[in-house]
Structure formats: C-alpha cells, structure tokens
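Inspection log for the structure reproduced underneath, given as structure tokens.
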Amino acid sequence: MLVPFLIMLREGIEAALIVGIIASYLARTGRSEWLPALWVGAVLACGASLAVGAGLDIVSGELPQRAQELFEACVGLIAVALLTSMVFWMRKAARSIKGELHAGIDAALSGERQGLALVGLAFLAVAREGLESVFFLLAVLQQSSGWEAPAGAALGLAGAVVVGFAIHAMGMKLNLRVFFRWTGIFILFVAAGLVANAVRALHEAGLWNGLQQIAYDIGALLPVDGPLGSVLSGFFGYQERATLGEVLAYLAFLVPTLAFFLATGRPEPKLSGARP
C-alpha cells in the first residue's frame, strides 16, 4: 500500500502544481475567463489516462499465460522508463517549469483557436503525469493482489489533492526541492525492483534463460509476506528468492542511476506553488 501511495502522492502533487501555475497565471493576467478551458483539458487528460489503463488491463486479461508474462515485462519496463525520466525531468525542469508554462499559455492564447489551444496545453501537461501513474499502477497490480495497492493509490491521490489545495488556496509552503529529491531516490529503488521483476517475467515467458542460478534463497529467514519482508519488498523490490540475472539487473539499473541522480543534485530554487 505504501509504494502506490507515495508514487501517486508525488505524481498528483506534480499535476496539481502544473494546473495551479496555469490557473494562477490566467488569474494574474486578467484572463480568468479561460479557466474552464484549463479544467476541460485536465479532466480530459484524467479520462484518457484511465481509458488507457482500462484498455491495457482488458487486453492483458485476454492473453495466454506466456503472452501475459511478456506483457507484464513490457509494462514493467515502460513504467521504469517513465518513472526514471520523470525523476530526472522534474529535477531539471524545477527551475524553469513556471516560465515555460507561462510562455506556453501566452502562445496558446495568441492564436486563432485560443480555447482549443489552452485545452491542449492543459491536456498534455496533465496527461504526462497520468500516463506515468497508469503504467506504474499496472506494473504493481500485476505483481500483487487484494485491495491494498488500489487503496494506497487512491489515498495518495487524495493526499495530493489536499496538498495541492493547501499550496494554492491557503498559501502553504512546501520545500518541493527536498520532497522531490527524497521521493526521487525512493522511486529509483522501486524502478530497480520493477527491472528485476521484468527479468523474471521474461524468463517465465520463455524469452530469457540465462543467469538462472539462484543468487540467494532466504525465505525461511525473511519471508516476503512477513512484516519486514513486505516493507523491504515495497520499498526496495526485495524477493525472498532471486536468480543471479535478477540481482545483476537490479544492481545494473540502480547503481548508475542513483549515483547520477545524487551527483546532479545541485541546489534549486524552492517551488512554493503557483504564485508568481
């Protein structure tokens, strides 16, 4: 439950910041009449993301077993790519995102089809976060059962709505540089676990048969369904029994990406929401 909660909290806060920046700029520049176009674009993006997720879930359920394993591996790797790019993009874009959005709004409202252009701007900005969330949740739900993961995701999204409202409507200050830094580190560990699970799924699909020697088997000491094992599984992708290929894939992804993320962590201005 904790992993989907934190991922959706971060994704939701990013989306709330983007929407809040656009709404604040429209209000500050005397163009509040265009706010409905912003909400239309955001709602359409949410609907499109849900439709993509539902469609992929339906398709995966119709596949034979081996094809399902291949589908699971592909979804996991796409989720890894999206999550990793999101982590590094947010670090790079944190300084300039407000200016870029302001420029995009000015360009959208200077053309002939102003409303449609603004709807498109809001749609693309929110859809990025939505699709990242969809692929991550699909990857998680394929590896778990029960109500915990969906409930965690729903609570994370609700928390993001509350935080976003507090930032933009109540003027709450949040050190987003620190928030995105630590959640970024957490997400890289989650992504490494997805890489290892993708290697396992590729083996079960019959496409990867190398490095299948057992690297460790400590289920008797630290079962994955125990209290500590479940926490380690959620945070770090721990498996009580793993092959050499899964361990190497995990480390080959995590070590360089985490080192690069920490090395590029230069101080950035504090983002405090949508206010100019």
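A short reminder: the numbers here are calculations on the coordinates, not readings from a lab. In this text the structure is predicted, and so the values were computed from the model without any measurement. As a convention, Cβ positions derive from the backbone with ideal geometry for all residues, glycine included, and neighbour counts pool all protein chains shown.
With respect to the conditions (1) surrounded by fewer than 14 Cβ atoms within 10 Å (Cβ to Cβ); (2) under 22 Å from Leu254 (Cα atoms), Pro64 lacks only one, and its number is (2).
So if I check each of Ser24, Ser49, Ser60, which one is in a helix (DSSP H, G or I) and closer than 19 Å to Lys98 by Cβ? Give the derivation first.
On the way: Ser49 fails: closer than 19 Å to Lys98 by Cβ; Ser60 fails: closer than 19 Å to Lys98 by Cβ.
Step by step, each of Ser24, Ser49, Ser60 is checked, and only Ser24 is in a helix (DSSP H, G or I) and closer than 19 Å to Lys98 by Cβ.
Give me a count of the residues in the stretch 17-42 that are among the small types (Gly, Ala, Ser) and either in contact with a Leu (Cβ under 9 Å, 6 or more places away or on another chain) or under 30 Å from Leu232 (Cα atoms) (or both). Residues that pass the stated criteria total 5. The residues in the stretch 33-58 that are loosely packed, with under 12 Cβ neighbours inside 10 Å and over 22 Å from the mean Cα position of the chain (by Cα) can be counted, and the count is 1. Checking each residue in the stretch 213-242 for being surrounded by 14 or more Cβ atoms within 10 Å (Cβ to Cβ), assigned to a loop (DSSP other than H, G, I, E, B) and polar (S, T, N, Q) picks out only Gln239.
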